[in-house]
Structures are given as structure tokens and as C-alpha cells.
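Values quoted throughout were computed directly from the atomic coordinates according to the rules given, and no laboratory measurement underlies them. Keep in mind that what you see is a predicted model, and the values were worked out from it rather than measured. In this analysis, Cβ positions are derived from the backbone assuming ideal geometry, glycine residues included, and neighbour counts consider all displayed protein chains.
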Amino acid sequence: MSKFFYCKNKTSILYKKPNFRSEHLKEILFGEIFIKLKEYKKFYYGFTQFDKYFGYVKKTNMNNHLIKNNYLVKSGKAYLYKNNNFRSKTNKFLYFNSKVFISNDGKNLSKSNAGWIRNRDLIAIKKIKNRNYLENINIFYKSKYVWGGNTNDGVDCSGLVQELMKNKLIRCPRNSKEQEIFFKKSINRNNIKKGDLLFWKGHVAIVISKKQCVHAYGPSKKVIKMQINKLISILIKKSLKLSSIKRPFG
């Protein structure tokens with residue numbers, strides 16, 4: 001039996017243990033590859049191909065008939081249509097970064113293995129060239145904070161960083177501790193610029209200007225913009241400090 005599966009639902013939770021009440025480690029998106037190592041009752045144990053994150057997934061959310069995906073969803077939500085007609089819109093959708101195989105290019109809608117999708121919601125994977133991972137950050141502004149979330153309906157701090165980078169085909173670990181180790185170039189606070197990452201205990205924020213950052217912030221229960229000086233003050237009050245500032249590229 002194949003050990004390679006793809007997620008056939010819009011999302012599938014990766015659990016820490018083979019239990020539906022277990023901690024949610026992350027969300028796997030439609031079309032993402034999961035590599036099975038073993039089975040346990042209603043679960044497969046293995047890891048996601050993109051970031052090698054280990055955990056358990058519900059068997060029925062996976063499909064072992066692999067397809068070579070050639071497009072990526074570039075909008076927050078790409079609604080599906082029954083056929084090549086805008087009047088056939090359904091209430092089903094795929095999230096940002098879902099991967100699909102387009103078999104029939106239309107003028108306004110294209111046929112995928114999930115259904116018909118608007119062309120403006122898609123980008124050909126082979127055309128993704130630039131590394132400006134903040135290009136689509138607006139999709140996540142004010143998104144709800146959800147531990148283990150990877151979508152604009154709910155995301156955590158490291159999930160936000162990962163999804164923005166994933167859209168540019170940039171490898172990135174799933175949790176902030178691993179991200180801090182993975183990105184090697186350390187930056188002095190006086191030299192920060194847009195795209196740098198601010199790390200402190202159990203958290204990461206993204207610099208969007210010399211004075212501002214963005215992060216999925218638990219106390220605010222959403223993705224917010226914050227003045228960096230305010231962030232530093234909050235950390236000081238909690239007897240915390242920045243552990244590092246990393247520059248992913250350049």
C-alpha cells in the first residue's frame with residue numbers, strides 16, 4: 001500500500017496523539033502531501049512532506065491517488081463551482097496555499113481535481129519566482145488566533161510565518177522554536193528591516209517596517225499590527241526579552 005497521501009479535505013488536523021481530543025499541531029491543506037509511516041486504528045502516523053512535521057491524521061481525510069499539482073491557491077478562500085459557469089458556485093472552498101491539478105484552462109474558470117475555480121484565485125506553481133513572502137500578508141490581518149491553525153480562519157504565530165513563506169515555495173519549519181534555529185542570519189535591532197523575524201520565548205513576529213511588526217497574538221485573539229517599541233515594553237513587563245532577530249534572506 002502506498003505511503004504517500006494527499007489531503008482531500010480543505011484542511012485536516014495533524015494531531016500530537018492518535019486521539020481526536022489530542023493537541024492540534026497544525027492544519028494540513030488540500031493537496032498537501034503526507035507520508036505515512038504506520039497505521040493506528042482511525043489514524044495514520046507520519047509526517048507532512050513540506051516541513052517534516054510528525055503527527056497523526058485521520059485516515060478518511062487522506063487519498064493515496066497522488067496527482068502532480070500544478071497550481072496554488074493565492075486568495076484567502078477560493079470558492080468551487082460545479083461547472084464552467086459562475087452561476088454554479090457552491091459554498092465549498094479551498095484555503096490559501098491549497099494545491100490543485102488544473103486539467104482544463106478556461107477563460108474565467110478552470111477545472112481542477114477539487115472542482116472549477118476562478119482563474120484569479122490561482123497561480124501556476126512554475127510561475128512562482130519572487131521571494132517577497134509578505135506580498136499576501138493582508139489575507140491574514142485580523143484573522144482569529146487559533147493554536148495549530150494554518151488558515152485565515154484561524155492561525156497561530158508560527159503558522160502565519162510558515163503559510164506566507166509556503167506561498168513563495170520557501171521551506172520553513174512549523175513552530176517558532178524551530179524557525180529561530182532554521183533561519184541563521186542574526187540582525188541587530190538597529191538594523192531591522194521589513195521581512196525580519198522577531199523571536200522571544202514561544203513566539204515570533206514579522207517586521208513590516210522599522211517601527212511595526214505583525215503577529216498572531218494570543219492575548220488579542222487575532223493577527224494584529226503592533227509598534228515594535230510597544231512589543232518590547234510588553235516583554236519587559238513580563239520579564240521577557242527578544243531572544244533573537246533573524247533575517248530569512250539576504
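A few remarks follow.
- Full extension of the chain segment joining ILE123 with LYS58 gains 20.5 nm, where the gain is 0.36 nm per residue of separation less the Cα-Cα distance.
- Relative to the longest principal axis of the Cα atoms of the chain, the long axis of helix 228-237 lies at roughly 70 degrees.
- Computed magnitude of the charge dipole of the chain (debye, nearest 20; Cβ of K, R +1, Cβ of D, E -1): 220 debye
- Pairs from the table (LYS10/LYS89; LYS16/LYS129; LYS211/LYS238; LYS77/LYS166) lying more than 26 angstrom apart at Cα are LYS16/LYS129.
- Cβ-based net charge around SER103, under 13 Å, with every Lys or Arg adding one and every Asp or Glu removing one: +1
- Charge dipole (Cα centre; +1 on Lys/Arg Cβ, -1 on Asp/Glu Cβ; no other charges) of region 4-63 amounts to roughly 280 debye.
- Summing charges over all other residues whose Cβ lies under 9 Å from the Cβ of LYS246, with Lys and Arg as +1 and Asp and Glu as -1, gives +1.
- Burial order of peptide ranges 90-98, 121-129 (average beta-carbon count within 10 Å, highest first): 90-98, 121-129
- Neighbour net charge for SER186 - beta-carbon separation under 12 angstrom, K R +1, D E -1: +3
- Dipole size of region 78-127 about its Cα centre, with +1 on Lys/Arg Cβ and -1 on Asp/Glu Cβ: approximately 80 debye, rounded to the nearest 20.
- Positive-end residue, the chain charge dipole about Cα centroid, Cβ charges, pick of ASN84, VAL146, PHE199: PHE199
- Diffusion coefficient, µm² s⁻¹, Stokes-Einstein with Kirkwood Rh over alpha-carbon pairs of region 4-63 at 20 °C and 1.002 mPa s: 198 µm²/s
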